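Enquirer: A single structure is presented below for examination.
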Amino acid sequence: MTHDPRFVAIDNENCQNSHVLRNPAREVTFPISAENEKIAQEMLELMVTHGNCAGLAAPQIGYDVRIIIYHVDEIAFKYRVDVEAILPPTILINPIYKPLNDEKRADWEGCLSVNTVMGEVRRFTEIAYEGYDLEGRQISGIAKGFLARLLQHEIDHINGVLCLDHFEDDLRHGPIDEMRKIRMAEIEARTL
Ligand code: NI
């Protein structure tokens, strides 16, 4: 698979700065700096113009800061069985979460920072999350299903963790083209 140069990837030889994906990112301080605000804007633009991107964390575009952005659009209903609602693009700074119970569910995850493999990952189905907006106002909420998964995936990124770290022997994972075929067949079977 060819590498999209806008994104840092761990498994592409053309990508020199992949260490940023493997180190915990730095906390953002408020009032937010012009530099960090620009990073958030860049992330927003990339996410909405990229056809296949539900969320993005700053390290994925080379910045060592704790900023994530995510949205849930109409297409998610096709790919996921546990979408609760559509959500416009949302920026969350210094985000954290905690699970609200022990329940986990496995579902497919891919990542723009991982070019060669994808797989199923077990995630908490219900979490409480907290963070800040660009003005430094605290945001908190409860997320369920796909949104809970998305937040766990993006918050992992700012802690240096990638979806492939969660692959387990009893779940499917492997070369991206092979896995995509399996996944698409499943989605088609579901929507027939
Ligand atoms: Ni990712």
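The values are calculated or read from the model by the stated rules, or taken from the named source; none is laboratory data. These numbers were taken from a predicted model, which means no experiment stands behind them. Cβ coordinates were reconstructed from backbone atoms using ideal geometry, including for glycine residues, and neighbour counts include every protein chain displayed. Note: areas computed on protein heavy atoms with side chains; ligands, DNA, RNA excluded. Shrake-Rupley method; radii C 1.70, N 1.55, O 1.52, S 1.80 Å.
Enquirer: Can you work out which of the residues in the stretch 126-147 that are among the β-branched types (V, I, T) and under 17 Å from E84 (Cα atoms) is farthest from the ligand (Cβ to nearest atom)?
Expert: Let us first name the residues in the stretch 126-147 that are among the β-branched types (V, I, T), namely 127, 139, 142.
Then keep just the ones that are under 17 Å from E84 (Cα atoms); that gives 127, 142.
Numbers: I127: 17, I142: 22 Å.
Checking each candidate, the answer is I142.
Enquirer: Same structure again: Tell me which residues, restricted to the stretch 7-50, are touching a helix residue (DSSP H, G or I) at 6+ places or on another chain (Cβ under 6 Å) and either open to solvent by 20 Å² or more (accessible area, probe 1.4 Å) or more than 25 Å from M118 (Cβ to Cβ) (or both).
Expert: Narrowing the stretch 7-50 to residues touching a helix residue (DSSP H, G or I) at 6+ places or on another chain (Cβ under 6 Å): 7-8, 10, 20-21, 25, 28, 39.
Residues satisfying the conditions are I10, V28, I39.
Enquirer: Out of curiosity, is L150 outside any strand (DSSP E or B), of a type outside the set (V, I, T), away from the ligand (no atom under 16 Å from the Cβ) and touching a residue at least 24 places away in the same chain (Cβ under 8 Å)?
Expert: On the way: outside any strand (DSSP E or B): yes; of a type outside the set (V, I, T): yes; away from the ligand (no atom under 16 Å from the Cβ): no; touching a residue at least 24 places away in the same chain (Cβ under 8 Å): yes.
Against the criterion (outside any strand (DSSP E or B), of a type outside the set (V, I, T), away from the ligand (no atom under 16 Å from the Cβ) and touching a residue at least 24 places away in the same chain (Cβ under 8 Å)), L150 does not qualify.
Enquirer: OK, next. Check whether at least one residue in the stretch 169-188 is open to solvent by 70 Å² or more (accessible area, probe 1.4 Å), under 17 Å from I67 (Cα atoms), out of contact with any Ser or Thr (no Cβ under 7 Å at 6 or more places or on another chain) and part of a strand (DSSP E or B), and report yes or no.
Expert: Looking for residues that are open to solvent by 70 Å² or more (accessible area, probe 1.4 Å), under 17 Å from I67 (Cα atoms), out of contact with any Ser or Thr (no Cβ under 7 Å at 6 or more places or on another chain) and part of a strand (DSSP E or B), one finds none in the stretch 169-188, hence no.
Enquirer: Let me ask you something else. Could you tell me which residue of the stretch 54-81 is nearest to R22 (Cα to Cα), considering only residues that are open to solvent by 30 Å² or more (accessible area, probe 1.4 Å) and in contact with a Phe, Trp or Tyr (Cβ under 7 Å, 6 or more places away or on another chain)?
Expert: If we take residues in the stretch 54-81 being open to solvent by 30 Å² or more (accessible area, probe 1.4 Å) and in contact with a Phe, Trp or Tyr (Cβ under 7 Å, 6 or more places away or on another chain), then A54 is nearest to R22 (Cα to Cα).
Enquirer: Of the numbered conditions (1) open to solvent by 40 Å² or more (accessible area, probe 1.4 Å); (2) more than 16 Å from the ligand (Cβ to nearest atom), T116 satisfies every one except a single condition; which is it?
Expert: Checking T116 against (1) open to solvent by 40 Å² or more (accessible area, probe 1.4 Å); (2) more than 16 Å from the ligand (Cβ to nearest atom), the one that fails is (2).
Enquirer: Here's something else I'd like to know. Is there a residue in the stretch 119-137 that is under 18 Å from A54 (Cβ atoms), part of a strand (DSSP E or B) and either in contact with a Gly (Cβ under 6 Å, 6 or more places away or on another chain) or aromatic (F, W, Y) (or both)?
Expert: Scanning the stretch 119-137, I find at least one residue that is under 18 Å from A54 (Cβ atoms), part of a strand (DSSP E or B) and either in contact with a Gly (Cβ under 6 Å, 6 or more places away or on another chain) or aromatic (F, W, Y) (or both), so the answer is yes.
Enquirer: Which residue pairs have Cβ atoms closer than 9 Å, lie 6 or more positions apart in sequence or on different chains, and pair a first residue in the stretch 84-108 that is open to solvent by 90 Å² or more (accessible area, probe 1.4 Å) with a second residue that is among the polar types (S, T, N, Q)?
Expert: From residues that are open to solvent by 90 Å² or more (accessible area, probe 1.4 Å), the pairs are E103/T125; K104/T125.
Enquirer: Hand me the list of strands (runs of 3 or more DSSP E) wholly inside the stretch 55-105 holding 1 or more residues that are more than 14 Å from the ligand (Cβ to nearest atom) and among the β-branched types (V, I, T).
Expert: On the way: elements: 55-57, 67-72, 87-99.
In the stretch 55-105, the matching strands (runs of 3 or more DSSP E) lie at 67-72, 87-99.
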